[in-house]
Amino acid sequence: PEILSILAHADPDAVLIQDLHGQNPFHVCCENGAPIRIFMEAPGLQRTERALLACDQRRNHAPIHFACRRKSRISLDDFGLVFGHTRVESLAINPLQVFCQEFQTSFERCLRTSPIPTTEVSTDHPSPYCSPDRSLKIERFWMWRPMDALLLRRAWNMAFILLGAHRRDMTTFPLLHECLERDSDCSSDMFDYILCLNPHYACQMSEGLLPLHIVCRLATQQSEEQKWVERIRVLVQLYPKATAIPDPDDNLPLEILAGPTVTYRHVGPIFERNVSALARFDLPETLYPYVLSQLVRRKCVNGIFQVLKDTPTLASIH
């Protein structure tokens, strides 16, 4: 470190020099774990920012992309430092995409070994607080797959940094909300991975929104129907009470889903947990008989009776 410090202060422009592969000292530090803070402390902030945006010739990767690789040996402190000083919006490739690609195999192994729980989380009311280590299952890997355990722990901590947790309190950071809002950059396995390790994120409230509210909104805006149907099912299974909680605009999840493209596959898991919401939901009239028949087949008779009692006009729809 002392030698690096002397060299960095003796020639601050050295951080801009790229080798034959287009890599500068920041690329090397991010990949090999050299103390990158030394270069950050060298004079010339603009010089540092330019070096952090420089991309190599092979994959068009900046230093932050090198830091996101599975084999990177950069410390988490230095990882946060590099990410915090990198203007991500100026990069052609979002670091989240590289991170999800690099740890895809680790996510899949985690989900095969310990799938998302099928039991409801034990909480009466949603809360803005969610401990990042609550119900953490990575320890299961220590006995027979220690390398996977190390990678999963590293991926968990890196995910918080990449999604913006370094700017706020970890216990109130809406990790799952951020993952969903950046769906174009996050893989589906990352959504499953978060709930696998900590299902309590399904009932975390952030700015009046639950993850189910976000999923319902995105389901009406994007394609890939199967993906969104499965996410709705998982979130309702983990926290059924979310089906009766309105968003800041006083819309229930069912009302957020309302639209010409809605199908029973979207709304079925919510109806089966909260049949009374049917009275508030503006379904296309042609879909009501099918929905009612599906609910009868799933033995939701008592709920349907209550809905028809409260809203007799539904019985006249053909």
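The values are calculated or read from the model by the stated rules, or taken from the named source; none is laboratory data. Everything quoted here is computed from the prediction, not taken from an experiment. Note that each Cβ is placed from the backbone with ideal geometry, even for glycine, and that neighbours are counted across all protein chains shown. In case anyone asks, the SASA skips ligands and DNA or RNA and just uses the protein heavy atoms, side chains included. Shrake-Rupley method; radii C 1.70, N 1.55, O 1.52, S 1.80 Å.
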Fill in the blank from the handout: When (1) modelled with pLDDT under 95; (2) in a helix (DSSP H, G or I); (3) not hydrophobic (A, V, I, L, M, F, W, C) are applied to ASP56, the one that fails is (2)
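Restricting attention to the range 59-94, and to residues there that are part of a helix (DSSP H, G or I) and in contact with a Phe, Trp or Tyr (Cβ under 7 Å, 6 or more places away or on another chain), which single residue is surrounded by the most Cβ atoms within 10 Å (Cβ to Cβ)?
Our first condition is that a residue be part of a helix (DSSP H, G or I); within the range 59-94, this holds for 63-67, 76-85, 88-90.
Now drop any that are not in contact with a Phe, Trp or Tyr (Cβ under 7 Å, 6 or more places away or on another chain), which leaves 63-64, 67.
Values: PRO63: 29, ILE64: 27, ALA67: 33.
My answer is ALA67.
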Exercise for the section: Report whether or not ILE116 is open to solvent by less than 20 Å² (accessible area, probe 1.4 Å) and either modelled with pLDDT of 90 or more or closer than 17 Å to ALA155 by Cβ (or both). Expected result: no
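Assess whether GLN57 counts as being more than 22 Å from PHE160 (Cα to Cα) and either free of Cβ contacts under 8 Å to residues at least 60 places away in the same chain or not charged (D, E, K, R) (or both).
Criteria met by GLN57.
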Handout entry: Any chance PHE39 is farther than 22 Å from ILE17 by Cβ, surrounded by 18 or more Cβ atoms within 10 Å (Cβ to Cβ) and not β-branched (Val, Ile, Thr)
Key = no
Problem - Of all residues in the range 158-174 being modelled with pLDDT of 75 or more and crowded, with 16+ Cβ neighbours inside 10 Å, the one that is nearest to TYR193 (Cα to Cα) - result: ALA159
Practice task
Provide a single number: the residues in the range 13-70 that are among the acidic types (Asp, Glu), within 14 Å of HIS85 (Cα to Cα) and touching a helix residue (DSSP H, G or I) at 6+ places or on another chain (Cβ under 7 Å).
Solution key: 1
Problem - Conditions (1) under 13 Å from the mean Cα position of the chain (by Cα); (2) modelled with pLDDT under 90; (3) hydrophobic (A, V, I, L, M, F, W, C): number failed by MET190 - result: (2)
